[in-house]
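The values are calculated or read from the model by the stated rules, or taken from the named source; none is laboratory data. Predicted model, so just to flag it, every value in this text is computed and none were measured. Positions of Cβ are generated from backbone atoms using ideal geometry, with glycine treated the same way; all protein chains shown enter the neighbour counts. To get the accessible areas, we keep the full protein, side chains included, count just its heavy atoms, and leave off ligands, DNA and RNA. Shrake-Rupley method; radii C 1.70, N 1.55, O 1.52, S 1.80 Å.
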Amino acid sequence: MRLNQVISLSQFIADQQSKHKEATGDLSKIFRDIKFAAKIVNRDVRKAGLVDILGAFGTVNVQGEEVKKLDMLANEEFKSSLTLGGDCCAIISEEEEDIHHIETTLNVNSKYIIAMDPLDGSSNIDVNASIGTIFSVYKRISPVGGPVTMGDVLQKGINQVAAGYIIYGSSTMMVFTTGNGVNAFTLDASIGDFCLSHPDIKIPEDGNIYSINDGIYDRMEPGVQHYVDYCRNSTTKETYSARYIGSMVADFHRNMLKGGIFMYPATTDAPKGKLRLMFESNPMAFITEQAGGKATTGHVRILEIQPTEIHQRNPVFMGSTHMVEKVEEFMKQ
Ligand code: P6P
């Protein structure tokens, strides 16, 4: 691809910013910081296979340094980049119990809050399966300059200013929305930048891929079991394929491009499901809806849920609209 055909992530963000006269450029700087950390995490993830050289978690490597688990490393990388960038006043992370307040002179006067799962699916690293970073951007509600409150971080998903993920797969891609559709950028290591590769992604209304952990079938509610049975016994005209690798970003990304439904239902032993509202469900639901799909708990729109706890969980059904509506029908019966 000739250089003059490439739209870099930085250029795209600058173009988007120019369309909003009121934009201050702070959100563009948040994306700058996320992009920087993503490139560092990408480098570390790609080295993970060299654990014998680098040393496994909890050991001391050949340089005499403590080796951190990659998800903890990713958490530190994103926190560090967002702190140094100066435009984020607080972070909530799947890796941390409470709000991480950023109170440097610059950051304390910024208006953006980040919710992130720094490295989702990290149990897949050892088997070299795709993993990802998931993030949401919110504007604080309480006055800038004061302490960030729980009300600032526990906002409904409809309040997201932006949401995205980075997938560390056969290629490294950054996929995000700022409320004007979904665009994907692929990292070109030779120039060290993300380049627009999938403009204006739309999820097909129908699909034939259903993604769910079949191993929890017996613990699912009957309506979800009936939908899985429906997919398994599909007639010749609607042949379904089961695709599930146990890494949400990878399963979600495939379904978004090809059409399909990703499900993590409530079970008898986990009545709220497994996935976290603030770090997985809300960002992926925002992206889903912006790409023309549907994202619910099987009963209510995910983006309308009023959070009450940082780490709360919820059942997840998201992807092709007609497939989500179909499972909701079974769940109503
Ligand atoms: P299970 C990874 O641990 C994760 O949070 C998501 O990325 C993934 O979709 C889900 O859990 C897999 O969970 O119970 O099917 O292994």
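Condition check: among the aliphatic types (A, V, I, L, M) and within 14 Å of the ligand (Cβ to nearest atom). Does Leu275 satisfy that?
Values: among the aliphatic types (A, V, I, L, M): yes; within 14 Å of the ligand (Cβ to nearest atom): yes.
Answer is yes for this residue.
Could you tell me which of the residues Gly58, Gly49 is modelled with pLDDT under 90, part of a helix (DSSP H, G or I) and either in the same structural domain as Thr177 (by TED's automatic domain parsing) or open to solvent by less than 20 Å² (accessible area, probe 1.4 Å) (or both)? Quick ask: steps written out before the conclusion?
Details: Gly58 fails: part of a helix (DSSP H, G or I).
Unique residue meeting the criteria: Gly49.
Of the conditions (1) in contact with a Lys or Arg (Cβ under 6 Å, 6 or more places away or on another chain); (2) within 16 Å of the ligand (Cβ to nearest atom), Gly121 clears all except one; give me its number.
Among (1) in contact with a Lys or Arg (Cβ under 6 Å, 6 or more places away or on another chain); (2) within 16 Å of the ligand (Cβ to nearest atom), Gly121 violates only (1).
Does Leu257 meet the test of being in a helix (DSSP H, G or I), in contact (Cβ under 8 Å) with a residue 24 or more places away in the chain and either assigned by TED's automatic domain parsing to the domain that holds Ala162 or more than 21 Å from Leu154 (Cβ to Cβ) (or both)?
Details: in a helix (DSSP H, G or I): yes; in contact (Cβ under 8 Å) with a residue 24 or more places away in the chain: yes; either assigned by TED's automatic domain parsing to the domain that holds Ala162 or more than 21 Å from Leu154 (Cβ to Cβ) (or both): yes.
Taking the combined requirement at face value, the residue satisfies it.
Identify the residue in the range 222-254 that is in a helix (DSSP H, G or I) and among the aliphatic types (A, V, I, L, M) and, among all such residues, is nearest to the ligand (Cβ to nearest atom). If you could, list the steps in order and put the result at the bottom.
Going residue by residue through the range 222-254, those that are in a helix (DSSP H, G or I) are 222-232, 248-254.
Still in the running and among the aliphatic types (A, V, I, L, M): 224, 228, 248-250.
Working: Val224: 14, Val228: 14, Met248: 3, Val249: 7, Ala250: 8 Å.
Only one residue tops the list, namely Met248.
Report whether or not His198 is open to solvent by 20 Å² or more (accessible area, probe 1.4 Å) and under 26 Å from Ser136 (Cα atoms).
So His198 passes the test.
Please determine whether any residue of the range 163-178 is in contact with a helix residue (DSSP H, G or I) (Cβ under 9 Å, 6 or more places away or on another chain) and free of Cβ contacts under 8 Å to residues at least 60 places away in the same chain.
Let us first name the residues in the range 163-178 that are in contact with a helix residue (DSSP H, G or I) (Cβ under 9 Å, 6 or more places away or on another chain), namely 163-169, 172-178.
Cutting the leftovers down to free of Cβ contacts under 8 Å to residues at least 60 places away in the same chain gives us none.
No; the residues of the range 163-178 include none that is in contact with a helix residue (DSSP H, G or I) (Cβ under 9 Å, 6 or more places away or on another chain) and free of Cβ contacts under 8 Å to residues at least 60 places away in the same chain.
Which one is most open to solvent (accessible area, probe 1.4 Å) among residues in the range 277-287 that are out of contact with any Phe, Trp or Tyr (no Cβ under 8 Å at 6 or more places or on another chain) and not acidic (Asp, Glu)?
Phe286
Have a look at Val175, Val148 and point out the one that is within 16 Å of the ligand (Cβ to nearest atom), surrounded by 13 or more Cβ atoms within 10 Å (Cβ to Cβ) and either more than 17 Å from Asp44 (Cα to Cα) or polar (S, T, N, Q) (or both).
Answer to the check: Val175.
Just name the residue that is surrounded by the most Cβ atoms within 10 Å (Cβ to Cβ) out of those in the range 126-137 that are more than 11 Å from the ligand (Cβ to nearest atom) and farther than 16 Å from Glu94 by Cα. I'd like the intermediate steps shown before the answer.
The initial filter retains those residues of the range 126-137 that are more than 11 Å from the ligand (Cβ to nearest atom), namely 126-128, 133, 135-137.
Pick out the ones that are also farther than 16 Å from Glu94 by Cα and you get 126-128.
Values: Asp126: 12, Val127: 8, Asn128: 10.
So the residue we want is Asp126.
Counting only residues that are within 11 Å of the ligand (Cβ to nearest atom), of a type outside the set (Val, Ile, Thr) and either at positive phi or open to solvent by 10 Å² or more (accessible area, probe 1.4 Å) (or both), how many does the range 255-268 have?
Residues flagged as within 11 Å of the ligand (Cβ to nearest atom), of a type outside the set (Val, Ile, Thr) and either at positive phi or open to solvent by 10 Å² or more (accessible area, probe 1.4 Å) (or both) within the range 255-268 amount to 1.
Looking at the range 229-240, can you tell me whether even one residue there is surrounded by 15 or more Cβ atoms within 10 Å (Cβ to Cβ) and touching a Ser or Thr at 6+ places or on another chain (Cβ under 7 Å)?
Looking through the range 229-240, at least one residue is surrounded by 15 or more Cβ atoms within 10 Å (Cβ to Cβ) and touching a Ser or Thr at 6+ places or on another chain (Cβ under 7 Å).
Going by the structure shown, is Glu289 assigned to a loop (DSSP other than H, G, I, E, B), more than 16 Å from the ligand (Cβ to nearest atom) and of a type in the set (Asp, Glu)?
Working: assigned to a loop (DSSP other than H, G, I, E, B): no; more than 16 Å from the ligand (Cβ to nearest atom): yes; of a type in the set (Asp, Glu): yes.
Spelling it out, it is not the case that Glu289 is assigned to a loop (DSSP other than H, G, I, E, B), more than 16 Å from the ligand (Cβ to nearest atom) and of a type in the set (Asp, Glu).
Could you tell me whether any residue of the range 97-113 is within 16 Å of the ligand (Cβ to nearest atom), open to solvent by less than 30 Å² (accessible area, probe 1.4 Å) and assigned to a strand (DSSP E or B)?
No, the range 97-113 contains no residue that is within 16 Å of the ligand (Cβ to nearest atom), open to solvent by less than 30 Å² (accessible area, probe 1.4 Å) and assigned to a strand (DSSP E or B).
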